[in-house]
1. I'd like the full set of residues that are touching a residue at least 24 places away in the same chain (Cβ under 8 Å), closer than 28 Å to Pro124 by Cβ and touching a Leu at 6+ places or on another chain (Cβ under 9 Å), limited to the stretch 25-54.
2. When the stretch 61-80 is examined, which residues are found to be at pLDDT below 95, surrounded by fewer than 17 Cβ atoms within 10 Å (Cβ to Cβ) and touching a Lys or Arg at 6+ places or on another chain (Cβ under 8 Å)?
3. If you check every pair at least six apart or on different chains, which have Cβ atoms under 6 Å apart with a residue in the stretch 111-128 that is under 14 Å from Arg60 (Cα atoms) and in contact (Cβ under 8 Å) with a residue 12 or more places away in the chain first and a residue that is part of a loop (DSSP other than H, G, I, E, B) and of a type in the set (Val, Ile, Thr) second?
4. Inside the stretch 107-120, can you point out the residues that are in contact with a strand residue (DSSP E or B) (Cβ under 7 Å, 6 or more places away or on another chain) and not aromatic (Phe, Trp, Tyr)?
5. May I ask you to list the residues in the stretch 172-214 that are β-branched (Val, Ile, Thr) and in a strand (DSSP E or B)?
6. Name every residue in the stretch 101-120 that is surrounded by 15 or more Cβ atoms within 10 Å (Cβ to Cβ) and touching a helix residue (DSSP H, G or I) at 6+ places or on another chain (Cβ under 8 Å), in order of residue number.
7. Within the stretch 76-103, which residues are over 15 Å from Gly180 (Cβ atoms) and within 12 Å of the chain's Cα centre (by Cα)?
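The values are calculated or read from the model by the stated rules, or taken from the named source; none is laboratory data. Remember, it's a predicted structure, so these values are computed and weren't measured experimentally. Here the Cβ positions follow ideal geometry from the backbone for every residue, glycine too, while neighbour counts run over all protein chains shown.
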Amino acid sequence: MAVEKVDLSDVSTPELLNELLRRVKAGEKITNEDGSLPDALWALVKEYSIIACVDAIPVRTNDAGEVELGAIVRNTGKYQGKLAQVGGRMQIGENPQMALSRHLKTDLGLDFSYYDQEAGPNKPLYVTSYKPKEKDSDERPEVFADDPTKHSLAMTFLVTIPKDQEMQFGKGAGGQEAGGFQWFTENQLAQMTEDDFAFEQRHLFSKAFAEVKRIKAERAGRTERTVQRASADLVTPPVVSPFF
């Protein structure tokens with residue numbers, strides 16, 4: 001079923017805000033049926049605002065015991081055919097978890113859980129500044145990415161996805177970005193180039209592998225300490241009072 005769209009194409013940019021205000025006061029819709037913005041309003045927002053986004057990097061362990069990260073194969077835009085994190089912009093009223101759920105559902109048809117349960121939705125892996133290269137400064141931050149269409153800040157989360165769910169590309173409204181999906185190990189990433197990835201994201205996946213290693217080491221350390229405490233409780237003899 002086609003998504004109903006709000007037509008603002010006949011409204012010039014100087015008059016757009018006044019027209020939006022009038023429509024809001026009159027109780028008229030200013031968003032499309034799927035919650036997205038009309039093209040004219042979206043163009044204005046991209047020109048003068050920084051867009052809030054969320055991204056996800058799925059994590060799994062393969063049959064050989066190696067950690068793999070997942071990326072979609074983009075189906076649209078300048079980076080069509082390139083690997084990228086799954087995600088996109090947040091909508092009004094959404095929190096990061098809601099936005100992640102929507103994007104994973106619409107792009108891949110999947111549910112998700114956080115890989116780092118302790119961090120959950122409150123501690124993203126990193127926050128990335130996306131913007132066109134021509135608007136970039138000479139000194140780039142440690143975490144950066146290219147986006148030829150807008151300036152955005154994206155919160156990226158490590159997630160796990162159900163093994164028994166089959167991926168369904170583009171089944172939901174607006175879910176046309178993913179044309180495929182690829183898993184890869186850290187060694188395979190080392191053989192890839194920046195040209196294999198959209199938005200200059202290759203270094204972001206390197207950071208994700210490093211974070212997975214840190215989380216796994218912390219989990220192993222906690223498990224070892226728990227085992228040591230349990231062993232100590234078993235071998236420690238009871239204290240016998242000299243008065244009995």
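1. Once the filter is applied, which keeps residues that are touching a residue at least 24 places away in the same chain (Cβ under 8 Å), closer than 28 Å to Pro124 by Cβ and touching a Leu at 6+ places or on another chain (Cβ under 9 Å), the stretch 25-54 yields Thr31, Leu41, Leu44, Ile50, Ile51, Ala52, Cys53, Val54.
2. Across the stretch 61-80, the qualifying residue is only Gln80.
3. Qualifying pairs under 6 Å: Phe112/Ile161.
4. Asp107, Leu108, Ser113, Asp116, Gly120
5. Matches in the stretch 172-214: Thr185 only.
6. Leu110, Phe112, Tyr114, Tyr115, Asp116, listed by residue number.
7. Once the filter is applied, which keeps residues that are over 15 Å from Gly180 (Cβ atoms) and within 12 Å of the chain's Cα centre (by Cα), the stretch 76-103 yields Gly87, Gly88, Arg89, Met90, Pro96, Gln97, Met98, Ala99, Leu100, Ser101, Arg102, His103.
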